[in-house]
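Heads up, the thing below is written out as structure tokens.
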Amino acid sequence: MNQDLALTKADISALIARAQAGDNKAAVKLAFYFDFYERDYDSATFWFKKAARNGDVKSEYNLGVRLLMQSKDPEKCREATFWLKMALANGMSRARRSLEELGPCP
């Protein structure tokens, strides 16, 4: 576990409140906490999606890549394509490689 990502229950509660109020930095911090510290991928996806919907380009990309790993599911593939295209349109050039890797959805 990455100790740099460790959060107290109070930290998590405060971040959740800020993220729910639209603070993208708080949502991203929660996403990374759940992804790399807790290994709770559903929660990580939830917080990446929250930040992506609020226009955070890195979260658009990270969400697309996360969904790319589930691309055999047609719905996840389409969603991955959507977020990677959003990231690309918003200046995240490395999203192009992920889109090429994804290819057409089943």
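Computed quantities for the displayed model
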| read-out | value |
| --- | --- |
| Angle between the chain longest axis and helix 74-89 axis [Cα atoms, degrees, rounded to 10] | 80 |
| Calculated Rg and Dmax of region 7-102 using C-alpha coordinates, Å | 13.3, 41 |
| Between region 6-74 and region 84-100, the alpha-carbon center distance in angstrom | 18 |
| Nearby lysines by direct alpha-carbon distance to Lys29 (threshold 21 angstrom, same-chain neighbours under 8 apart not counted) | Lys9, Lys49, Lys50, Lys58 |
| Nearest-20 debye value, region 7-102 charge dipole, Cβ charges on Lys, Arg, Asp, Glu | 220 |
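No lab work stands behind these numbers, since they all come straight from the coordinates. Source: prediction; values computed, not measured. All Cβ positions, even for glycine, are placed from backbone atoms using ideal geometry, and neighbour counts span all protein chains on display.
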